[in-house]
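Peer 1: Mind having a look at this structure? Questions to follow.
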Amino acid sequence: MNIHEYQAKELLAKYGVAVPKGIAAMSVEEAVSAAKQLPGPLYVVKSQIHAGGRGKGKFKELSPDAKGGVRLAFSLDEVEAHAKDMLGNTLVTIQTGDAGKQVNRLYITDGADIKQEFYLALLIDRATSRIAVVASTEGGMNIEDVAHDHPEKIHTITIDPATGLMPHHGRSVAAALGLTGDLAKQCAKTLGCLYAAFIGSDAEQIEINPLAVCAGKDGDELLVLDAKVAFDGNAMFRHADLAELRDLTEEDPAEVEASEYDLAYIKLDGNIGCMVNGAGLAMATMDIIKLNGEFPANFLDVGGGASKEKVTAAFKIILKDPAVKGILVNIFGGIMKCDIIADGIVAAAKEVNLSVPLVVRLEGTNVQQGKDILASSGLPIVSANDLGDAAQKIVAEVRAAA
């Protein structure tokens, strides 16, 4: 589960992370009011969407020469003008795709006198089952280019969960960033706070870009100027307060609907819809579709104990995608019985007026009953004997219908 930048900073601040003062705004009037509460004279107006690259992004509705989704303002009038440009318009960045995302929220923050920018992130290293700290002196925008063109500038330090964060980790990160003296101490403290936030909130990723050295009244200070936080969705039952931060307008409507039925669904860019039980089998199904020359339109795992209603909902969600030109159902019935799957398929297909080719491969518990239900349904369902046969048939059907 992802949250907005302003929510991430509010969370990190609770763990002692130093962030500039900022206020969220949902309207132009709120944006101006927020700026009035900040010291000024420099303000930063930031579009709030679940995507990176906002500073270099472009609004669909504005001139190509217009500024991006993160802008400096030197007066309240400029704050108002930027807010009017951003709110309600569609911001396209390198991470949103061509469709972009509509900006419904802004974050008005105090300006900072930046001397140096760094990149810092904590994430799960699944290869080592440890938390990895990734640090680079090349902070700010284009960190992806740095990783590609200058991988030697990316430093990774892993933390053993048995010992947790140790003092030497803070010293290592400070050294990697070239920080000494008081700034090195601030770096170690910041890392400690970020680690506590990571563990305490069941985070999957905390990305700080940039972590900046800024001029302060009492000397240089290390501030988190931007933050992206993603949580383990399976752990949200432990964090009701964090679950409330979820912004459904930032998520694909089909994925939101699928979550209501406890379906694991992710929309992809292909044209063949998939309904499978079991994540491993779902991955294999998507792979074999690609092996036969087409692309999956989704990942969808109905789980091991789905009901007829759940299967019907899954089928309808797949068919709502206009890119879907055919559907492959691949079920190995263990706990999930093939006749229940078949009942759900038939019910959904009749309800939505099935208009694309459908290939079904059933195997396992009650397989013959399931096949009989499909055969007697009166629907143009193509039966397959195994996964390879199913993939070949759905690809052939889709191409024949094109």
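Peer 1: Just check the range 157-213 against the gyration tensor rule for me: Cα atoms, a ≥ b ≥ c as the square roots of the eigenvalues, rounded for a/c under 1.5, and otherwise prolate or oblate depending on whether a/b exceeds b/c.
Peer 2: Here the range 157-213 falls in the oblate category.
Peer 1: Ok, one more. Go through the range 64-70 residue by residue and turn each phi into a ³J(HN,Hα) via Karplus (6.51, -1.76, 1.60, θ = phi - 60°); whole Hz please, and just put x for glycine and proline.
Peer 2: Those phi angles translate into x, 8, 5, 5, x, x, 10 Hz.
Peer 1: Continuing with the same structure: Can you work out the accessible area per residue across the chain, with the rest of the protein chains kept in place, probe 1.4 Å, in square angstrom?
Peer 2: 47
Peer 1: Here's another thing I want to ask about it. With Cβ to Cβ distances under 14 Å as the rule, what net charge do the other residues near Ala174 carry (K, R +1; D, E -1)?
Peer 2: Residues close to Ala174 contribute a combined charge of +1.
Peer 1: Of the heavy-atom accessible surface of the range 265-369 (probe 1.4 angstrom), what whole percent is carbon and sulfur?
Peer 2: Solvent-exposed carbon and sulfur of the range 265-369 make up 56 percent of the total.
Peer 1: If you don't mind, another one. Taking H placed 1.01 Å from N in the peptide plane, check which residues at least 5 places from Gly216 or on another chain put their amide H under 5 Å from its amide H.
Peer 2: For Gly216, whose amide H was placed from the backbone, the distant partners under 5 Å are Glu221.
Peer 1: While we're on this one: Quick one: accessible surface of Thr158, probe radius 1.4 Å, all protein chains present, in square angstrom to the nearest 10.
Peer 2: Using a 1.4 Å probe on the heavy atoms, I get roughly 50 Å².
Peer 1: Lysines within cross-link reach of Lys14: Cα-Cα under 20 Å, excluding same-chain residues under 8 positions apart?
Peer 2: Lys185, Lys189, Lys228
Peer 1: Follow-up question, since we're still on this one. If you plug each phi of the range 120-134 into the Karplus form 6.51 cos²θ - 1.76 cosθ + 1.60 with θ = phi - 60°, what whole-Hz ³J(HN,Hα) values come out, in order, with x for Gly and Pro?
Peer 2: Ordered by residue, 3J(HN,Hα) equals 8, 8, 10, 8, 7, 8, 6, 6, 10, 6, 10, 7, 9, 9, 10 Hz.
Peer 1: Express the carbon and sulfur contribution to the solvent-accessible surface of the range 125-198 as a percent, rounded to the nearest whole number, probe 1.4 angstrom.
Peer 2: Values: 2160 of 3910 Å².
With neighbouring chains kept in place, the figure for the range 125-198 is 55 percent.
Peer 1: Follow-up question, since we're still on this one. Over all directions, average the projected area of the Cα convex hull of the range 115-187 and note it in nm².
Peer 2: Details: hull surface 21.5 nm².
For the Cα atoms of the range 115-187, the hull's average projected area reads 5.4 nm².
Peer 1: Taking the mean number of other Cβ atoms within 10 Å as a proxy for protection, how do you rank 384-395, 213-224 from highest to lowest?
Peer 2: 384-395, 213-224
Peer 1: Provide the convex hull volume over Cα atoms per residue for the range 1-151, in Å³. Working shown, then result.
Peer 2: Working: hull volume 22.3 nm³, N = 151.
Each residue corresponds to 147 Å³ of Cα convex hull volume.
Peer 1: Considering amide H positions built from the backbone, and no H for Pro or chain starts, which residues 5 or more places from Gly52, or on another chain, come under 5 Å of its amide H?
Peer 2: HN-HN under 5 Å from Gly52: Gln95.
Peer 1: Still on this structure, I have one more. Could you work out how far helix 279-291 tilts from the main Cα principal axis of the chain, as a 0 to 90 degree angle to the nearest 10?
Peer 2: On a 0 to 90 degree scale, this one is about 80.
Peer 1: Additional query: Below 8 Å between Cα atoms, with a sequence gap of 6+, how large is the relative contact order for the chain in percent? Before the final figure, lay out the partial values.
Peer 2: On the way: 822 pairs, mean separation 48.6, N = 402.
Dividing the mean separation by the residue count of the chain yields 12 percent.
Peer 1: With equal scatterers on the alpha carbons only and no solvent term, can you work out the Debye log10 of I(q)/I(0) for the range 68-152 at 0.21, 0.26 1/Å?
Peer 2: Debye curve over Cα of the range 68-152, log10 I(q)/I(0) at q = 0.21, 0.26 Å⁻¹: -1.12, -1.20.
Peer 1: Quick one: net charge of Asn277's neighbours, Cβ under 14 Å, K/R +1, D/E -1?
Peer 2: Cβ neighbours under 14 Å give a net charge of 0.
Peer 1: To continue, here is another question. Around Phe59, which amide H atoms from residues at least 5 apart in sequence, or from another chain, sit under 5 Å from its own amide H, with H modelled in the peptide plane?
Peer 2: Amide H neighbours of Phe59: Val92.
Peer 1: Using Cα pairs under 8 angstrom and six or more residues apart, how large is the relative contact order of the range 7-95, in percent?
Peer 2: Value for the range 7-95: 32 percent.
Peer 1: Now for a different question. Run the simple label-point estimate for Gln37 and Leu72 please: 7 Å along Cα→C-beta, distance reported in nm.
Peer 2: The answer from the label model is 2.5 nm.
Peer 1: Per-residue counts of other Cβ atoms within 10 Å, averaged by peptide: what ranking do you get for 243-249, 290-296, 182-188, highest first?
Peer 2: Descending mean neighbour count gives 182-188, 290-296, 243-249.
Peer 1: What are the lysines whose alpha-carbon lies under 28 Å from the alpha-carbon of Lys310, with same-chain residues fewer than 8 places away excluded?
Peer 2: Hits, sequence-local ones excluded: Lys267, Lys290, Lys320, Lys325, Lys337, Lys350, Lys371, Lys393.
Peer 1: The range 242-390: percent of C-alpha pairs farther apart than 23 Å?
Peer 2: 29
Peer 1: When only C-alpha pairs under 8 Å and at least 6 residues apart count, what is the relative contact order of the range 341-385, in percent?
Peer 2: 52
Peer 1: Right, next: Compute the signed sum of charges (Lys and Arg +1, Asp and Glu -1) over the other residues within less than 11 Å, Cβ to Cβ, of His82.
Peer 2: Numbers: positive: Lys46, Lys67, Arg71, Lys84; negative: Asp77, Glu78, Glu80, Asp85.
It works out to a net charge of 0.
Peer 1: Still on this structure: Scan (i) -0.32, -0.43; (ii) -0.23, -0.31; (iii) -0.26, -0.35 for the value of log10 I(q)/I(0) by the Debye sum over Cα atoms at q = 0.06, 0.07 Å⁻¹ calculated from this model and give just the label.
Peer 2: Computing log10 I(q)/I(0) by the Debye sum over Cα atoms at q = 0.06, 0.07 Å⁻¹ and matching it to (i) -0.32, -0.43; (ii) -0.23, -0.31; (iii) -0.26, -0.35 gives (i).
Peer 1: To continue, here is another question. As I understand it, the value is the acute angle between the Cα axis of helix 76-86 and the longest principal axis of the Cα atoms of the chain; what does it come to in degrees, rounded to 10?
Peer 2: In the chain, helix 76-86 runs at an angle near 10 degrees to the longest axis.
Peer 1: Go ahead and estimate [θ] at 222 nm for the chain from helices alone: -39,500 (n - 2.57) per DSSP H run with n ≥ 4, summed, over the residue count, rounded to 500.
Peer 2: The helix-only estimate for the chain comes to -10500 deg cm²/dmol at 222 nm.
Peer 1: Next up: Taking the Cα centroid of the range 104-121 and of the range 40-101, what is the distance between the two, rounded to the nearest whole Å?
Peer 2: The range 104-121 and the range 40-101 have Cα centres separated by 14 Å.
Peer 1: Once R0 is set to 30 Å, what does the formula 1/(1 + (r/R0)^6) return for the Cβ-Cβ distance between Arg130 and Asn385, expressed as a FRET efficiency to the nearest 0.05?
Peer 2: Efficiency at R0 = 30 Å is approximately 0.10.
The values are calculated or read from the model by the stated rules, or taken from the named source; none is laboratory data. In this text, all values refer to a predicted model and were calculated from it rather than measured experimentally. Here the Cβ is made from the backbone with ideal geometry for all residues, glycine too, and neighbour counts use every protein chain on show. For the accessible areas, the whole protein counts, side chains as well, though only heavy atoms, and no ligand, DNA or RNA atoms are used. Shrake-Rupley method; radii C 1.70, N 1.55, O 1.52, S 1.80 Å.
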